Amino acid sequence: MKQGKCLKFIQLAAALLMVSQWMGAAPAQAASVQVNPTIRVGLFYGGSALPGANLLNEVGSGYRFGYFDGSLRFVPLGSTAKTAISMVKDQTVYYGTVGGWAGYYDSISSGIAVGGYHLQLPERYADFQSASAAACRYAGAFPAWIDGAYYVRLGAYLDSASAQNAQAAVPGASVTAPSGTGVSVVETGTGTILFQFDSADGWALAVQPGLDDTVKTRTIFRGNTYYGAFQYRRSGGNLSVSNVLPMEDYVQGVILSEMSASWPLEALKAQAVCARTYSYAKLLDQRHSSDGFDICNTVHCQAYRGIAGMSDASRQAVEATYGQYIWYNGGLTEPVYFSCDGGATEDAGNIWYEDTPYLKGKTDPYEAAVSDKIERYSWSVTYTRQELTDLLNGKGYANSGIVDVQVTKTSPTGNVLAITFTDSAGKSFTKTKEDCRTFLGLRSQRYSISGGSGGYAVNGEGTLPSVSGVYAVDGSGTVSQLPSGQPYVIGGDAAVKQLAPSAASGGDTFTIAGTGWGHHVGMSQWGAYSMAQQGYTYWDILQFYYTGIEVRQP
């Protein structure tokens, strides 16, 4: 990412649920934390799961097939010397141009087809070598590992009738239908199956690049380069793809995605320690366990796009902090971070719903020194009254037309903690905590609101934006403070009615102007950049942004 571009920040999507999960869990103690554990990173899953997934050797040659056991030890089942392979679901897929991308397998009819119907010979084989040797006696045959046993299968037919027609020429063969859990390994660009995997016991196909472990492999997948192995899980649909690799290799990828390899070394070190600690916390809380991996590759967890763009500095940042985590009171922390704070960070309890002693807000004296490098460090957005009216109505807040919106509470560090919308009937709607940013789609929690000023008319001499703290004089000369909320008044006709702001008394637009980008909790990445430029170490950076912590190996 270019230096002038604001960095993506860790955004806790569905914050109410997720924050309660990580804030509520007891922190892991040092004795239970490993140095350089294996971690599974979800790359494509859920709605992004793939009909087919290509791999291409970049460093190293060939592939081993197998699965990861309960301890994430690779159990080998077979291999190929091919350098370009694709894993496809055991249903009909096609190789060709899909969505403008050439060279992928998809369910859309085009190009070369790989069918999901096969012929299976009755013999069971003791190992991959025996099944491979038997498969050599038949055209289009391949070894298959099905629920713990090796078989020989033939063909990749598009329908049952085609498979049954071919069955007559292969005595003893049976027809197998497409499987909801099966995965075929094909030579990329062809319809040739090299190996097939299926497990009713829940094991997922794993592919380990390289024919042995003598070379540290690099593998190209979907245009990005990765260390480590890949796992392919199916449950009736497309393939969920995960990258399975040592923590230290994963951290290398995170700092390349969350910062830039050209940034100062001490900033990269700080990011490496944060990324390592945060990912271990996600591994422990099993946020994505139901998806079959530990952490995802988006800002829902941490941005991760493989290792392309590594530099000497990024490698050194990981190596120099090897195995180091951030601790508080003997327990592993969850050190969230974000792009830039615009002048001050914030208490976790002011943004989410539980306070955390090491995530305390403070004025940031460092970030402003590099504000000219940060794209949209200062920002603004304008809403009309009608746009706010429609926005609130669309989100279930029925109103008679928004006439005013104000910041109604700020923190000691100046970040917004509450905003209040008022409609023409005097009804108020208040958003607090992180909703002050997300409800309006704002870039940060640090801003002010101007314009509009529907307010309350005062004797024809102007308006007040609210009646909070306002005093009135009655007919007898008695001075008293107006009640909070929407007060009621008695008119000259003795009618009692609620005092409402006037939509006609102000302008039609509201301008929200702020600084920074992110939730403001934890470390500012651009603040780390600035501190590193000023000669501070990564430990200085982490100690400033996280309160009362220590940095060390378990």
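The values are calculated or read from the model by the stated rules, or taken from the named source; none is laboratory data. Being a predicted model, the structure only gives us computed values, none of them experimental. Counting neighbours? That spans all protein chains shown, and the Cβs are built from the backbone with ideal geometry, glycine included.
From the list 106, 69, the one residue that fits, being over 19 Å from residue 243 (Cα atoms) and under 30 Å from the mean Cα position of the chain (by Cα), is 106. A Cβ distance below 7 Å, combined with a sequence gap of six or more or placement on separate chains, defines the contacts here; from the range 355-384, residues that are on the phi < 0 side of the Ramachandran plot reach residues that are among the basic types (Lys, Arg) and surrounded by 14 or more Cβ atoms within 10 Å (Cβ to Cβ) in the pairs 379/443. From the list 366, 377, the one residue that fits, being closer than 30 Å to residue 542 by Cα, out of contact with any strand residue (DSSP E or B) (no Cβ under 7 Å at 6 or more places or on another chain) and surrounded by 18 or more Cβ atoms within 10 Å (Cβ to Cβ), is 366. The criterion of at least 2 residues that are among the aromatic types (Phe, Trp, Tyr) and in the same structural domain as residue 220 (by TED's automatic domain parsing) is met, among strands (runs of 3 or more DSSP E) falling completely within the range 94-157, by 101-106, 141-146, 149-157.
Restricting attention to the range 240-251, does a residue exist that is surrounded by fewer than 24 Cβ atoms within 10 Å (Cβ to Cβ) and touching a Pro at 6+ places or on another chain (Cβ under 8 Å)? The answer is yes, given that some residue of the range 240-251 is surrounded by fewer than 24 Cβ atoms within 10 Å (Cβ to Cβ) and touching a Pro at 6+ places or on another chain (Cβ under 8 Å).
Against the definition (surrounded by 21 or more Cβ atoms within 10 Å (Cβ to Cβ), closer than 28 Å to residue 51 by Cβ, of a type in the set (Lys, Arg) and not assigned by TED's automatic domain parsing to the domain that holds residue 297), how does residue 233 come out, yes or no? For residue 233, the condition - surrounded by 21 or more Cβ atoms within 10 Å (Cβ to Cβ), closer than 28 Å to residue 51 by Cβ, of a type in the set (Lys, Arg) and not assigned by TED's automatic domain parsing to the domain that holds residue 297 - is met.
All of 134, 141 fail the test of being in contact (Cβ under 8 Å) with a residue 12 or more places away in the chain and over 26 Å from residue 110 (Cα atoms), apart from 134. Filtered by the rule that a residue be under 25 Å from the mean Cα position of the chain (by Cα) and closer than 13 Å to residue 210 by Cβ, the range 50-66 gives a lone residue, 55. The set of residues in the range 204-221 that are of a type in the set (S, T, N, Q), in contact with a Phe, Trp or Tyr (Cβ under 8 Å, 6 or more places away or on another chain) and over 12 Å from residue 65 (Cα atoms) comprises 217, 219. Of all residues in the range 318-341, those that are touching a His at 6+ places or on another chain (Cβ under 8 Å) and part of a loop (DSSP other than H, G, I, E, B) total 2.
Checked against (1) of a type in the set (D, E, K, R); (2) without any contact (Cβ under 8 Å) to a residue 12 or more places away in the chain; (3) more than 19 Å from residue 199 (Cβ to Cβ), residue 73 meets all criteria but (3).
Does residue 210 count as modelled with pLDDT of 95 or more and over 19 Å from residue 127 (Cα atoms)? So residue 210 fits the description; yes. So, of the residues in the range 171-203 that are assigned to a loop (DSSP other than H, G, I, E, B), of a type in the set (A, V, I, L, M, F, W, C) and modelled with pLDDT of 95 or more, which turns out to be surrounded by the fewest Cβ atoms within 10 Å (Cβ to Cβ)? Result: 177. Across the range 292-306, the number of residues qualifying as in contact with a strand residue (DSSP E or B) (Cβ under 8 Å, 6 or more places away or on another chain) and assigned to a loop (DSSP other than H, G, I, E, B) comes to 9.
Residues in the range 289-299 that are in contact (Cβ under 8 Å) with a residue 40 or more places away in the chain and closer than 17 Å to residue 241 by Cα: 291, 292, 293, 294, 295, 296, 297. Among the residues in the range 380-388, are any under 20 Å from residue 266 (Cα atoms) and touching a strand residue (DSSP E or B) at 6+ places or on another chain (Cβ under 9 Å)? Looking for residues that are under 20 Å from residue 266 (Cα atoms) and touching a strand residue (DSSP E or B) at 6+ places or on another chain (Cβ under 9 Å), one finds none in the range 380-388, hence no. Across the range 341-353, not a single residue is classified as of a type in the set (Ser, Thr, Tyr), within 17 Å of residue 253 (Cβ to Cβ) and either in contact (Cβ under 8 Å) with a residue 24 or more places away in the chain or surrounded by fewer than 24 Cβ atoms within 10 Å (Cβ to Cβ) (or both).
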